[in-house]
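In what follows, a single structure is set out as structure tokens and then discussed.
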Amino acid sequence: MTLVDQHAEQLGVTDVCSALGVSRSTWYRRRHRHANQVTPSTRLRPHPRRLSDAERARVMEILCSEEFVNQAPREVFAILLDRGQYVCSVRTMYRILASHQAVRERRRQRRHPEQTVPRCCATGPNQVWSWDITKVAGPNRSWFNLYVVLDIYSRYVVRWILAKNESGDFASKLIEDAVQDAGISAEKLTIHTDRGAPMTSKKLIDKLIDLDVIRSHSRPRVSNDNAFSEPAVQDDEVLPG
């Protein structure tokens, strides 16, 4: 390509490319690409009509002032022109607002901190329990409900019962017997479960309050609503007997 550049003006691009076996389209394409390359100094050079930092700060101060904070840049531009003032164009106003992330809303608003997702964490046994109910097939196409209380640290089945239906009474009795058998002191145990009807029944909630047990429920409408218990109650090796 360098030879084509050197002799193109004297001999012609067509003759030089034919002699060297170079495609003319390739030479033109590379020449065009080289001509469009921008040096770093040119890329970083500010536009001569660009507002200074002080002028941009002044525009931002006007747009966020009490008089214009609720008005669009076009309205502000028109009002200032009626007063004989010109600070910048409407498009520049939008650019300055965009640089401060204030295009949509310039009024002062309350900033809510990001809410962290609560997590149950156990560093030892009998700190966090999880319980759930799962369907178990019985004879003659019958179904039973398996209530299982599981310690999430040791994966030990604390207590379980098999009942014909789901009930807050069964759940209350199950949790009460499990806490009493474990001999856990007040406010030392957290029980996590999903938001099913037996789990949120008034009788169970009252029982947990009487036992000084901390309640923990999964977030509503999530797929992994009780990930501590659901894999375990389907595993035959976890259940005693």
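The values are calculated or read from the model by the stated rules, or taken from the named source; none is laboratory data. These figures come from a predicted structure and were not determined experimentally. Cβ sites come from the backbone with ideal geometry, for glycine too, and all protein chains shown count toward neighbours. Areas reflect the complete protein model, heavy atoms only, side chains present, ligands, DNA and RNA absent. Shrake-Rupley method; radii C 1.70, N 1.55, O 1.52, S 1.80 Å.
I need the GluC sites (Glu not before Pro) found in the stretch 47-123, filtered to DSSP loop residues with at most 14 other beta carbons within 10 Å of theirs. If you can, show how the numbers build up before the last one.
Values: sites: 55, 61, 66, 67, 75, 105, 114; in loops: 66, 67, 105, 114.
Passing both the DSSP loop test and the Cβ count: 66, 67, 105, 114.
At 0.36 nm per residue, minus the direct Cα-Cα distance, what do residue 112 and residue 205 gain on full extension? Give it in nm, one decimal, please.
On the way: separation 93, 0.36 × 93 = 33.48 nm, distance 3.08 nm.
Using 0.36 nm per residue and subtracting the Cα-Cα distance, I get 30.4 nm.
What does the C-alpha gyration tensor say about the overall shape of the stretch 123-168? Classify as rounded when a/c is under 1.5, otherwise prolate if a/b is larger than b/c, or oblate. Walk me through the numbers on the way to the answer.
Details: a/c = 4.11, a/b = 2.69, b/c = 1.53.
The shape class here is prolate.
Between residue 144 and residue 22, what is the label-to-label distance in nm when each label sits 7 Å out along the Cα-to-Cβ direction?
Roughly 8.8 nm, to one decimal.
Determine the gain in length on full extension of the stretch residue 230-residue 134; use 0.36 nm per residue of separation and subtract their C-alpha separation, reporting nm with one decimal. Don't jump to the answer; show the numbers that get you there.
On the way: separation 96, 0.36 × 96 = 34.56 nm, distance 0.79 nm.
Result for the pair: 33.8 nm of gain on full extension.
Just to verify a number: what accessible area does residue 173 come out at with the full protein assembly present, 1.4 Å probe, Å² rounded to tens?
Counting only protein heavy atoms, residue 173 exposes about 110 Å² to solvent.
I want the local charge near residue 169. Using Cβ-Cβ distances under 14 Å, sum +1 for each Lys or Arg and -1 for each Asp or Glu among the other residues.
With Lys, Arg at +1 and Asp, Glu at -1, the net is +1.
In straight Cα distance, which lysines are under 28 Å from residue 164, not counting same-chain residues fewer than 8 positions off?
Candidates past the 8-residue exclusion: 135, 173, 202, 203, 207.
Report in % the part of the accessible area of the stretch 52-109 that belongs to carbon and sulfur, leaving out ligands and nucleic acids; probe 1.4 Å. Provide the component values of the computation, followed by the final result.
Details: 1860 of 4160 Å².
Reported share for carbon and sulfur atoms: 45 percent.
Once fully extended, how much extra length lies between residue 103 and residue 164, figured as 0.36 nm per residue of separation less the alpha-carbon to alpha-carbon distance? All intermediate terms of the calculation are to be shown ahead of the outcome.
Details: separation 61, 0.36 × 61 = 21.96 nm, distance 6.05 nm.
Computed gain between residue 103 and residue 164 is 15.9 nm.
With a ≥ b ≥ c the root eigenvalues of the C-alpha gyration tensor of the stretch 33-189, is it rounded (a/c under 1.5), prolate (a/b larger than b/c) or oblate?
Details: a/c = 3.79, a/b = 3.05, b/c = 1.24.
Cα axes put the stretch 33-189 in the prolate bin.
In a shell of Cβ-Cβ distance under 13 Å around residue 184, excluding residue 184 itself, what net charge do Lys and Arg (+1) and Asp and Glu (-1) give?
My count for the surroundings of residue 184 gives -4.
Once you list every other residue whose beta carbon is under 11 Å from the beta carbon of residue 73, what net charge do they have if Lys and Arg are +1 and Asp and Glu are -1?
Cβ neighbours under 11 Å give a net charge of +3.
Only Lys, Arg, Asp and Glu count, each charged at its Cβ (+1, +1, -1, -1), so figure out the dipole size of the stretch 45-197 about its Cα centre, rounded to 20 debye.
Numbers: 24 positive and 18 negative charges, 214 e Å.
Here the size comes out at about 1020 debye.
Whole-Hz Karplus ³J(HN,Hα) for the stretch 64-70, in order, using 6.51 cos²θ - 1.76 cosθ + 1.60 and θ = phi - 60°, x for Gly and Pro?
The phi angles translate into 9, 5, 4, 6, 10, 5, 9 Hz.
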